[in-house]
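> One structure follows; several queries about it will come next.
The values are calculated or read from the model by the stated rules, or taken from the named source; none is laboratory data. None of these values were measured; they are calculated from a predicted model. Ideal geometry is used to build each Cβ from the backbone, glycine not excepted, and the neighbour counts take in all protein chains shown. These area figures cover heavy atoms from the full protein model, side chains too; ligands, DNA and RNA do not enter into them. Shrake-Rupley method; radii C 1.70, N 1.55, O 1.52, S 1.80 Å.
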Amino acid sequence: MTAPEWDFDVDEWKQGRLHPVPTDLTQPYWQGLRDDKLLVQRCRSCKQYIFRPEFACTKCFAPDPEWVESSGAGILYAFSIVHRPPRPGMRTPFVVGVVELAEGWHMMTNIVGCDPDEVYSSMPVVLRTADVGDVVLPLFERAASV
Amino acid sequence: MKRPVAVVGVYETRQAKRITDSTAMALITEAFRGALDDAGLSVSDVDGVAAEWPGPGGSDVLPGSMDWAHQLGRPLSWISDTITAGPVALADAVSAIRNGQCSTVVIAGGQASALPQPGANVAAYTQFENEFIGVWGATTPTEFALIARRHMDLFGTTPEQIAHVAATIRNNGRINPSAVMYRRGPYSVQDVLDSPMVCSPMHLLELSLVSEGAAAMVVTDRLDSLKKEPIFVLGAGSEIRSNSYLNPPVYEEVGDIGRDLGERVFANACRGIEDIDVFEFYDPTAFEVIRQFEVLGYCKEGEGGHFVEGGRIGLNGSHPINTDGGLLSHAHLRITQMTQKVIEAVQQLRGECGPRQVQGAANALVSAGGPPAGFYSLAILGRDSS
């Protein structure tokens, strides 16, 4: 059972955090999260996954990457447990993670739902969305053991 | 044969965690004057500027360096605002001078009355972008920490090895009267490991200061009638992968930043890596020193933790690092700390460093940037222009 203090607190998030400001380029990503999907760009030509979103492929420069759905599953590639709050009102400790999605691309996130001391490199993780009002955030939590 | 270009004047104002009784412009103009005086030159000799204009006033749209022309009361034939500090500005200035656009450049910058009081939350400039990085509470130290974490996972680099780098650098700052942390310490590896964990795996004493003050340097190809020995810029340049701090840091993608640059700059400088007597490495975290010894070819990838052990990186060692106390204990002025590392290299090669002098130093290496910064810059300086 998850200890509530390690879980994601929407009210705490609202007071402490920098709020994302979507752009025309990133709007599909944020809309996807509203639909509980993690969307990512992929080059139509070389199939390279592109994150963060860009206007052209970052490998072959082909135009107009398409948005595809990620599995939302991966491993915790690296993490840092933050003990000093960068902004007033942020509750610590919290975990900044870089997740390697199954498709091979990386994104930054917060790991929630477990004690930060239980987090480890290569930990299997899975997407967990959180509606904070103006956006839906892509958090990740430890994947349940099979 | 490349025309010799040298750093001929340097100056730092007082450096402190907070300076609240002055303004950035008051300190930057003091540094500007001071560097010219150190060179035995005057404002009328200056025809190029790479300097911040922190306001009040100034242009929002055009480079801040432009505002200096009016302030100095003379026309400038070259300005640059790519990054108005350190090896980047040095490389830009040398190129412009060799191209005949100008002859004497001042590089200057600093800050005052800009930071929250100590004990408050981190400096605003460590928090970038809010869609994919800032929203997660990631700061610049956290991004550097993620690179260290991966290196530790891949190669077994230990907390003790990183702490040893931090203690070495801070003990240099302890004996540098210019350093913000002058007289603090001495520090042992255990002292560093006992300091609070800020963003794992980085402890407080392994992380850069934020501080206030200003600094300036003068670069020129006019080598007649100088007050002090000119220190030649033998090679300088940059490698750029992305804008700073906007991408999730992945060691396999950006951990080798600087490898190609190092080969290019050493070749341009006609020096081998064994020729460097003193290293002023960019140290936002102590781990970055380990990474740079690997990337520049002093040891294999993954062996940097072992390479820095023992006395090798101390003032009397074969590879002395960060002799002024580095970013950990000397200063961090948002960007002008990059210039301060060049200044320390110049003073080492002039033989002006007193108790922290590396004996017989003839060639120095200065770096800036790192994997999450998306760029890496180097400058190699020497007493001999050939």
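> Can you list the residues of the range B:146-172 whose accessible area drops by at least 40 Å² going from the chain on its own to the full set of protein chains, with a 1.4 Å probe?
Residues passing the criterion (a loss of at least 40 Å², heavy atoms only) are B:LEU146, B:ARG149, B:ARG150.
> With a 1.4 Å probe and every protein chain kept in, tell me what percent of the accessible surface of the range B:107-224 is carbon plus sulfur.
The value for the range B:107-224 is 53 percent carbon and sulfur by accessible area.
> Across peptide A:73-81, what mean number of C-beta atoms from other chains lies inside 10 Å of a residue's C-beta? Numbers along the way, then the final one.
Values: counts 0, 0, 0, 0, 9, 13, 8, 18, 8.
Taking all residues of A:73-81 together, the mean is 6.
> Report the relative contact order of chain B, percent, no decimals, based on alpha-carbon pairs under 8 angstrom and at least 6 residues apart.
Values: 909 pairs, mean separation 97.1, N = 386.
For chain B, the relative contact order is 25 percent.
> With unit charges on the beta carbon (Lys/Arg positive, Asp/Glu negative), name the residue among B:GLY326, A:MET107, B:TRP68 whose Cα is farthest towards the positive pole of the charge dipole of the protein assembly as shown.
B:TRP68
> For a Förster distance of 41 Å, can you work out the FRET efficiency between the beta-carbons of A:GLN27 and B:GLU309, rounded to the nearest 0.05?
Approximately 0.20, to the nearest 0.05.
> What figure, in Å² to the nearest 10, do you get for the accessible area of B:LEU154 with a 1.4 Å probe and non-protein molecules left out?
Roughly 80 Å² of B:LEU154 is accessible to a 1.4 Å probe.
> Pick from B:MET66, B:MET197, B:MET25: which is most flexible by mean-square fluctuation in a GNM of chain B where alpha carbon atoms under 10 Å apart are linked?
B:MET197
> Same structure again: At the nearest 100 Å², what buried accessible area, both sides summed, do you get for A and B when the probe is 1.4 Å?
What A and B bury together is about 3100 Å².
> Here's a follow-up. Under the definition of partner shielding as Cβ atoms of other protein chains within 10 Å of a residue Cβ, what is the mean value for peptide B:200-208?
2
> I've got another one for you. How much net charge surrounds B:LEU115 when only other residues with a Cβ under 11 Å from its Cβ are counted (Lys, Arg +1; Asp, Glu -1)? Before the final figure, lay out the partial values.
Details: positive: B:LYS17, B:ARG18, B:ARG334; negative: B:GLU212.
The answer is +2.
> Per residue, how big is the convex hull around the C-alpha atoms of chain B? Give it to me in cubic angstrom, could you?
Working: hull volume 49.5 nm³, N = 386.
Each residue corresponds to 128 Å³ of Cα convex hull volume.
> Identify which of A:GLN31, A:GLN41, A:GLN15 has the largest mean-square fluctuation in a Gaussian network model of chain A, with springs joining Cα atoms closer than 10 Å.
A:GLN15
> For chain B, take the longest principal axis of its alpha carbons; what is the angle in degrees between that and the long axis of helix B:337-350, to the nearest 10 within 0 to 90?
Rounded to the nearest ten degrees, it is 80.
> log₁₀ I(q)/I(0) of the range B:307-386 at q = 0.14, 0.18 Å⁻¹, via Debye over equal Cα point scatterers, no solvent, to two decimals?
-0.49, -0.81
> May I pose another question? Using packing as a proxy for protection, rank B:364-371, B:343-350, B:177-184 so that the peptide with the highest average count of other Cβ atoms within 10 Å comes first.
Ranked from most to least packed, the peptides come out as B:364-371, B:343-350, B:177-184.
> What average count of beta carbons from other chains do you get within 10 Å of the Cβ of residues in B:314-325?
0
> What percent do you get for the relative contact order of chain A when only Cα pairs under 8 Å and 6+ apart count?
This gives 24 percent for chain A.
> With each pseudo-label sitting 7 Å past Cα toward Cβ, what's the B:ASN268-A:GLU66 distance in nm, one decimal?
Between B:ASN268 and A:GLU66, the simple spin-label model gives 4.3 nm.
> Over what distance in Å are the Cα centres of the range A:55-128 and the range B:132-150 separated?
One Cα centre to the other: 11 Å.
> Of A:ASP24, A:ASP36, A:ASP134, which is the most mobile in a GNM of chain A whose springs link Cα atoms less than 10 angstrom apart?
Taking springs between Cα atoms under 10 Å, the residue moving most is A:ASP24.
> Further question: In a shell of Cβ-Cβ distance under 10 Å around B:LEU193, excluding B:LEU193 itself, what net charge do Lys and Arg (+1) and Asp and Glu (-1) give?
Combined, the nearby Lys, Arg, Asp and Glu give -4.
> Which of the peptides B:240-250, B:220-230 is most tightly packed, and how do the rest follow, going by the mean number of other Cβ atoms within 10 Å of each residue?
Ranking, from highest mean packing down: B:240-250, B:220-230.
> Pop a pseudo-label 7 angstrom from the Cα along the beta-carbon direction at both A:ASP117 and A:ILE75 and give the gap in nm to one decimal.
Label-label distance for A:ASP117 and A:ILE75, simple model: 2.5 nm.
> Turning to a different aspect of this structure: Can you compute the helix-only [θ] at 222 nm over chain B? Use -39500 (n - 2.57) per DSSP H run of at least 4 residues, normalise by all residues, nearest 500 deg cm²/dmol.
Computed mean residue ellipticity for chain B: -9000 deg cm²/dmol.
> Defining a contact as two alpha carbons under 8 Å apart and six or more residues distant in sequence, what relative contact order in percent does the range B:140-236 show?
In percent, rounded to a whole number, it is 23.
> Whole percent per 10 Å bin, from 0 to the bin with the longest distance: what is P(r) over all C-alpha pairs of the range B:48-92?
Using 10 Å bins, I get a P(r) of 30, 55, 15 for the range B:48-92.
> Can you tell me how much longer the chain between B:HIS70 and B:LYS300 gets when fully stretched, taken as 0.36 nm per residue apart minus their C-alpha distance, in nm with one decimal?
Additional length available on full extension: 77.7 nm.
> Ok, one more. Counting each DSSP H run of 4 or more residues in chain A as -39500 (n - 2.57), what helix-only mean residue ellipticity at 222 nm follows after dividing by all residues, to the nearest 500 deg cm²/dmol?
Details: 2 runs with 15 residues, N = 146.
-2500 deg cm²/dmol, from helical runs alone.
> Which semi-axis lengths, in whole Å and largest first, follow from the square roots of five times the eigenvalues of the Cα gyration tensor of the range B:138-213?
In descending order, the three semi-axes are 23, 15, 10 Å.
> Points 7 angstrom from Cα along the Cβ direction at B:VAL61 and A:GLU5: gap in nanometres?
5.4
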